[in-house]
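We did not get these values from a lab; they are worked out from the coordinates using the rules stated. Just so it is clear, the structure is predicted and the values come from calculations on it, not from any experiment. Heads up, the Cβs are rebuilt from the backbone with ideal geometry, glycines too, and the neighbour counts pull from every protein chain shown.
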Amino acid sequence: MKYLMLFILLVTRTVISVAQQKGTAATCQFHSINSIGLLEGSAGSAFQLQTINGAQYKSWFGGIGLGLDYYRYRTVPFFIDLRKEFGKNANKLFVYSDLGVNFGWVTDKQKTQYVSDDKFANGFYSDLGFGYKVNLGKNGGLVMSLGYTYKKVIESYKLPLYLYGNSIYSEPPLNDQTVKYSYSLNRITIKIGWEF
């Protein structure tokens, strides 16, 4: 996890440095992509928000993204976004790939019932897909995409001793016994946004 964070920081620094260099305005441009999306999976439907900021060189785009993901557990994905556009027209098809870390920001209602010390560890986040960008002039364009996204959430808590008296456990748990659950959440995502 530390190496992934270091890699993300190095890519961020490189993208910002390239975007700020004088004399590269004709070939390297800063872009911001802001979108809202629908997530659909076996746990139901939820929505997401994302902002991605980075630099485009010819048909390639690289940036850093941050979002809010409300699927099953509210989380904050922080990721690297890479895109490749196709075609010579103003409107373009593209493919994208996101890779990063998923930070837990779980609401009280989403925590396990009867547990006051519920903790959520950071997990893996990815998103792969394709889309279409409609160029609307110098002010930006409309971006639509369809993809497959994955997030991992790790929940842990200590077993409350009083539940043993309710015959939930066959043996009394130890005071320091910790339960861990790992959730692998696979979803389909549909996003619409604005790029400028």
Here the net charge surrounding A46, from other residues whose Cβ is less than 12 Å away from its Cβ (Lys, Arg +1; Asp, Glu -1), is +2
The aspartates and glutamates whose Cα lies under 19 Å from the Cα of K88, excluding any fewer than 8 residues away in the same chain, are E195
Phi-derived 3J(HN,Hα) across the range 143-151 with the Karplus relation (6.51, -1.76, 1.60, θ = phi - 60°), rounded Hz, x for Gly and Pro, is 10, 10, 8, 10, x, 10, 10, 9, 9
When V95, V101, V179 are arranged by how many other beta-carbons sit within 10 Å of their Cβ, fewest first, they go V179, V95, V101
Proxy exposure order for E40, E195 (fewest C-beta within 10 Å first) is E40, E195
In terms of the alpha carbon gyration tensor, root eigenvalues a ≥ b ≥ c, rounded if a/c is under 1.5 and otherwise prolate when a/b exceeds b/c or oblate, the range 50-146 is prolate
